[in-house]
Amino acid sequence: MSTPTTSLDKGDRNDKGRAREEAAALLADMPLTHGSLPRRAAPLTLLAFVLAGIAAWQTGLLGAAFAGILTAVGYTAVIYLWARRVEGPRGAFDRLVTAVVSSAFALALLPLISVITTVVSNGAARFDADFFNNSMLGVVDEGGGAHHALMGTLIITGIAALMSVPVGLMTAIYLIEYGRGRLARWITFFVDVMTGIPSIVAGLFVYALFELFYGPGIRMGFMGSVALSVLMIPVVIRSAEEMLKLVPNELREASYALAVPKWRTILKVVLPTALAGIATGVTLAIARVIGETAPLLITVGITRGDNFDPFNERMATLSVFSYNQYAYAPGHARDLFYERAWSAALTLILIVMTLNLLARLIAKLFAPKTRA
Amino acid sequence: MAKRIEVKGLDIYYDKFLAVQGVSMTIEPRSVTALIGPSGCGKSTFLRTLNRMHELVPKARVEGKVLMDNQDLYGANVDPVGVRRHIGMVFQRPNPFPTMSIYDNVAAGLKLNNKRMKRKDLDDLVERSLRSANLWEEVKDRLNRPGSGLSGGQQQRLCIARAIAVAPDVLLMDEPCSALDPISTQAIEDLITELKEQYTIVIVTHNMQQAQRISDTTGFFNLQAIGEPGGLVELDTTTKIFTNPANSDTERYVSGRFG
């Protein structure tokens, strides 16, 4: 027992023992109960500050943004200090973080609500039957509509989806089910790079490509579809890849063990299991490209009248229509042109919203069922 | 039905790593062969080589011979899909297909392979398979409900029904009861005892009482040291292995003194 190592061991153990005693003492001091703010303290304080903020804004004492910030900061400070007195440091910190997180949420929501209210209030004026039944053919000021642009958007985006979904899905299947080694890594890398391609670059690329075959000044709807495909394919690949990864390997093995060949396993077990997620991903990818303006401006252009032939001449699309109505509004009828631009924007938002709802519906319908 | 499997000098690799070395054994038809041994000794790996599931792992390969009624399963022109047609498998975790109903899960082996069958015959087959798996009475009123809504034990029996619906000659089971409670375990053990009338069954288990209860032959796998390949130490009748094994490691393992 006289060797240095043992005495060191002993000392170590004593330290540990002391630490344990100290911890126990600390815990013993910690009461099981502590004070808490009145039940409605937080909401009422918040209400008071919000009312004060609104009052300050309405009386012209402060600007709206400044009043909002002051409301949030004032509430946070008051609730923190109050809780610190009554509830102790931990409770106060909880209140503080709750207030900060909620403020951040409100801040993030603000532009979204603002965009929707602006578009709805400005777009409602011309959101009528005329708008959907007429093109701009022969219209100089009043009337006119986006019939041609709505159909153009649907046709061009539809063709883009028809091209992107098979290519994207099959690439994802290759990457997850077959791809190994260097080739797969390179494809993944380029897909990542493609995800970040600016849409104008896609437009220029497609224009340059078609110019090789058709000569300068070439414009047609199909070129727009190709440009949108360039933007859409990486999104489809990425989302399909994630969904295929989620399919448990056990299901593949179960299928193999039943003497099902690999391709049938992918087709009948893996894809159906991932279908809900893939469908959602595809819908969101469509929503992502349907509002693109820059590549369509270059490759498709705009028309005043109906042209539903994607392989011949310019076509109109909602996004370019909206831009065009805004940019080339003549002085004598500026407001009429702006109204049509807003209505086209509202139509686009509604289409995207419908696609999102559709994605949720699809996810719900195709999701693997668990309830017996 | 029910075929004999002979394994001769089987070495199993994961890429360059030799996982299991020099296994030679004969698996008798219409009997239950249990494989026991500590974790990581290669029981499951060995089991998966019997129906060529092992090679699904990238770069995994085997050397040696596995003969089923004198035909080498690793011969040059043997299609692994064909091998799995004869040798079915039940996994450790129940894995019914989540997109399919109970009925479709049982019929999966046929439906996934696009085998056409009269509705009546298919109904009969599903009922027969579910009856063999002791599950029919519990699910006969809800065949169209999803299979993943069943309890764990029921799901495992559903997977057994799915495996025997394609009428394999051999049934491999990789710890089929390890995720189940004692009552479900007993249901599956009873089932195994019934199934051995028709099938050759190989079961990997960590539960030595289970091996004693259901198997006719027991093989003890072990590895010499960490990093060394595992291998078959001893194969004998279950009674012999558990009462009077030839190898001292086997004796220490079955008596619970290590592993």
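The values are calculated or read from the model by the stated rules, or taken from the named source; none is laboratory data. Not measured: the values here are computed from a predicted model. Positions of Cβ are backbone-derived with ideal geometry, glycine not excepted, and every protein chain shown enters the neighbour counts. The accessibility values were calculated without ligands, DNA or RNA, using every heavy atom of the protein model including side chains. Shrake-Rupley method; radii C 1.70, N 1.55, O 1.52, S 1.80 Å.
Which count do you get for residues in the range B:240-256 that are without any contact (Cβ under 8 Å) to a residue 24 or more places away in the chain and under 16 Å from B:CYS41 (Cα atoms)?
The number of residues fulfilling the criteria is 1.
Would you confirm whether or not the range B:123-132 contains a residue that is away from chain A (no Cβ under 14 Å), small (Gly, Ala, Ser), open to solvent by less than 20 Å² (accessible area, probe 1.4 Å) and farther than 25 Å from A:LEU365 by Cβ?
no
Results for (1) assigned to a helix (DSSP H, G or I); (2) at negative phi; (3) among the charged types (D, E, K, R), shown as yes or no for each residue.
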site	(1), (2), (3)
A:ILE278	yes, yes, no
A:ALA285	yes, yes, no
A:GLY301	no, no, no
A:PHE308	no, yes, no
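Scan the range A:254-291 for residues that are open to solvent by 30 Å² or more (accessible area, probe 1.4 Å) and away from chain B (no Cβ under 13 Å) and jot them down.
Listed by number, the residues that qualify are A:THR280, A:LEU284, A:ILE286, A:ARG288, A:GLY291.
Taking the conditions exactly as written (farther than 18 Å from A:LEU271 by Cβ, assigned to a helix (DSSP H, G or I), polar (S, T, N, Q) and touching a residue at least 24 places away in the same chain (Cβ under 8 Å)), does A:THR171 satisfy them or not?
Judged against the criteria, A:THR171 is not a match.
Do the conditions hold for A:PHE205, that is, is it open to solvent by less than 30 Å² (accessible area, probe 1.4 Å), part of a helix (DSSP H, G or I), farther than 28 Å from A:ALA359 by Cα and in the same structural domain as A:VAL320 (by TED's automatic domain parsing)?
Criteria not met by A:PHE205.
Restricting attention to the range B:15-54, which residues are open to solvent by 60 Å² or more (accessible area, probe 1.4 Å) and not aromatic (Phe, Trp, Tyr)?
Hits for the range B:15-54 are B:ASP15, B:LYS16, B:GLN21, B:SER24, B:GLU28, B:ARG30, B:SER39, B:GLY40.
Quick one: which residue in B:GLU197, B:GLU228 is at pLDDT below 90 and in contact with a Lys or Arg (Cβ under 8 Å, 6 or more places away or on another chain)?
It is B:GLU197.
Tell me, yes or no, whether the range B:8-26 has at least one residue that is under 21 Å from B:SER129 (Cα atoms), more than 19 Å from the chain's Cα centre (by Cα) and of a type in the set (Phe, Trp, Tyr).
no
What is the number of the single condition among (1) open to solvent by 30 Å² or more (accessible area, probe 1.4 Å); (2) on the phi < 0 side of the Ramachandran plot; (3) not acidic (Asp, Glu) that A:PRO234 does not meet?
Checking A:PRO234 against (1) open to solvent by 30 Å² or more (accessible area, probe 1.4 Å); (2) on the phi < 0 side of the Ramachandran plot; (3) not acidic (Asp, Glu), the one that fails is (1).
Name the residues in the range A:93-131 that are more than 14 Å from A:ARG340 (Cα to Cα), among the aliphatic types (A, V, I, L, M) and touching a helix residue (DSSP H, G or I) at 6+ places or on another chain (Cβ under 7 Å), would you?
Result: A:LEU96, A:ALA99, A:VAL100.
Quick test for you: out of A:LEU251, A:LEU228, pick the one residue that is in contact (Cβ under 8 Å) with a residue 12 or more places away in the chain, assigned to a helix (DSSP H, G or I) and surrounded by fewer than 21 Cβ atoms within 10 Å (Cβ to Cβ).
After ruling out the rest, the residue left standing is A:LEU251.
Which one of these does A:ALA294 not meet: (1) modelled with pLDDT of 90 or more; (2) within 14 Å of chain B (Cβ to nearest Cβ)?
(2)
Pairs needed: first member in the range B:117-133, free of Cβ contacts under 8 Å to residues at least 24 places away in the same chain and of a type outside the set (Ser, Thr, Tyr); second member anywhere, buried (at least 16 other Cβ atoms within 10 Å of the Cβ) and assigned to a helix (DSSP H, G or I); C-beta distance under 8 Å; at least 6 residues apart or different chains.
Once the first residue is free of Cβ contacts under 8 Å to residues at least 24 places away in the same chain and of a type outside the set (Ser, Thr, Tyr) and sits in the range B:117-133, its partners that are buried (at least 16 other Cβ atoms within 10 Å of the Cβ) and assigned to a helix (DSSP H, G or I) give B:MET117/B:LEU110; B:MET117/B:LEU125; B:LEU122/B:LEU110; B:GLU127/B:TRP136.
Restricting to the range B:178-213, give me the number of residues that are open to solvent by less than 10 Å² (accessible area, probe 1.4 Å) and hydrophobic (A, V, I, L, M, F, W, C).
Within the range B:178-213, residues that are open to solvent by less than 10 Å² (accessible area, probe 1.4 Å) and hydrophobic (A, V, I, L, M, F, W, C) number 9.
Among what's in the range B:133-146 and is within 11 Å of chain A (Cβ to nearest Cβ) and closer than 22 Å to B:LEU195 by Cα, pick the residue that is least open to solvent (accessible area, probe 1.4 Å).
So, considering only residues that are within 11 Å of chain A (Cβ to nearest Cβ) and closer than 22 Å to B:LEU195 by Cα, the one least open to solvent (accessible area, probe 1.4 Å) is B:VAL139.
Restricting the search to the range A:57-115, which residues are of a type in the set (Asp, Glu) and open to solvent by less than 70 Å² (accessible area, probe 1.4 Å)?
A:GLU87, the sole residue that qualifies.
Looking at B:GLN92, B:GLN71, which is the one that is polar (S, T, N, Q) and over 26 Å from A:PRO272 (Cα atoms)?
B:GLN71
Need at least 1 residues that are buried (at least 18 other Cβ atoms within 10 Å of the Cβ) and within 8 Å of chain A (Cβ to nearest Cβ) per element, so show me which helices (runs of 4 or more DSSP H) inside the range B:75-118 make the cut, counting only ones lying wholly within it.
Here the list reads B:80-86, B:108-111.
In the same structural domain as A:TYR323 (by TED's automatic domain parsing) and at pLDDT below 90, is that true of A:ARG185?
No, not satisfied.
For residues that are touching a Lys or Arg at 6+ places or on another chain (Cβ under 6 Å) and within 9 Å of another protein chain (Cβ to nearest Cβ), tally how many sit in the range B:37-57.
So the count comes out to 1.
Could you go through the range A:265-277 and let me know if any residue there is within 30 Å of A:LEU346 (Cα to Cα), at pLDDT 90 or above, of a type in the set (A, V, I, L, M, F, W, C) and under 22 Å from the mean Cα position of the chain (by Cα).
No - not one qualifying residue is present in the range A:265-277.
Just give me the residues in the range B:151-167 being within 11 Å of chain A (Cβ to nearest Cβ), out of contact with any helix residue (DSSP H, G or I) (no Cβ under 6 Å at 6 or more places or on another chain) and either open to solvent by less than 10 Å² (accessible area, probe 1.4 Å) or within 21 Å of A:PRO272 (Cβ to Cβ) (or both), in sequence order.
Within the range B:151-167, B:GLN155, B:CYS159, B:ALA163 meet the criteria.
Among the residues of the range A:312-365, what is the count of those that are of a type in the set (Ser, Thr, Tyr) and surrounded by 18 or more Cβ atoms within 10 Å (Cβ to Cβ)?
Residues flagged as of a type in the set (Ser, Thr, Tyr) and surrounded by 18 or more Cβ atoms within 10 Å (Cβ to Cβ) within the range A:312-365 amount to 6.
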